[in-house]
Amino acid sequence: MKRISPARGHRQLMPTDVRNRGSGADLDVTHVGSALRVRSRVLLLNATFEPLAALPVRRAVTLLVCDKADPVHEDPDTELTAFHSVGTTVFIPSVIRLRHFVRVPYRGRVPLTRAALMLRDRGRCGYCGDRAETIDHVIPRSRGGTHAWENCVASCAPCNHRKADRLLSEIGWTLHTPLVPPTGPHWRLLSATTELEPDWLRYLGEGAA
């Protein structure tokens, strides 16, 4: 496959014939530059800069080629990724933004996932403050506790083992982490994404920092 030189001054090179734009299915991917790491996902923002999803690179380039999105941010520490076909070359940034606002249906509580819980508790044990490795039910499920934001906390393995199926009042422990469900549009994405690009954080709000 022919290699092409990166053009840092141009985030996106537009096709020479816009009438030939299609779904992007005929585009081939090429990685150019000295690689530190290859981008695998692209953050998609609404027209209002609300984070919507972490897209596969091919889906992101389809939005760019079809003029449905514009590049917003490029990570200089990521190997430049280019999609190209006859008359079309597109360099993929790490963040893109829809040109037109998309109304997102009403969404209730953020799903409780391991990734989201670790982010809420900032990767620290809610009992001792050390690095968290597991999730613990404050009121054990064997004693009627629920699997909900209000009853789950990040925990290190030693604390989880020592607590076992006892209540905090029985062992004299206190929580250092408030057990509240996270709120905000970015948490939907955070609950479904295990790996975050560092340059996404400025677009994801305080909860991701």
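Of note:
- Test: residue in the stretch 162-176 that is assigned to a strand (DSSP E or B) and farther than 23 Å from GLU50 by Cβ: no
- Leading residue by the ranking (least open to solvent (accessible area, probe 1.4 Å)) among those in the stretch 114-133 that are under 23 Å from the mean Cα position of the chain (by Cα) and over 20 Å from PRO181 (Cβ atoms): GLU133
- Qualifying residue in the stretch 111-130 (condition: over 25 Å from THR48 (Cα atoms), at pLDDT 90 or above, of a type outside the set (Val, Ile, Thr) and in a strand (DSSP E or B)): yes
- The lone criterion from (1) touching a strand residue (DSSP E or B) at 6+ places or on another chain (Cβ under 8 Å); (2) farther than 15 Å from PRO51 by Cβ; (3) not charged (D, E, K, R) left unmet by LEU98 is number (2).
- Of the residues making up the stretch 139-158, those that are open to solvent by 20 Å² or more (accessible area, probe 1.4 Å) and over 24 Å from the mean Cα position of the chain (by Cα) are ILE139, ARG141, SER142, ARG143, GLY144, THR146, ALA157, PRO158.
- Scanning the stretch 99-144 for residues that are without any contact (Cβ under 8 Å) to a residue 24 or more places away in the chain and touching a Cys at 6+ places or on another chain (Cβ under 9 Å) yields ILE135, HIS137.
- The single condition among (1) open to solvent by less than 80 Å² (accessible area, probe 1.4 Å); (2) in a loop (DSSP other than H, G, I, E, B) that PHE101 does not satisfy is (1).
The values are calculated or read from the model by the stated rules, or taken from the named source; none is laboratory data. Just so it is clear, the model here is predicted, and its values are computed rather than measured. As a convention, Cβ positions derive from the backbone with ideal geometry for all residues, glycine included, and neighbour counts pool all protein chains shown. The area values use the complete protein model at the heavy-atom level, side chains included, leaving out ligands, DNA and RNA. Shrake-Rupley method; radii C 1.70, N 1.55, O 1.52, S 1.80 Å.
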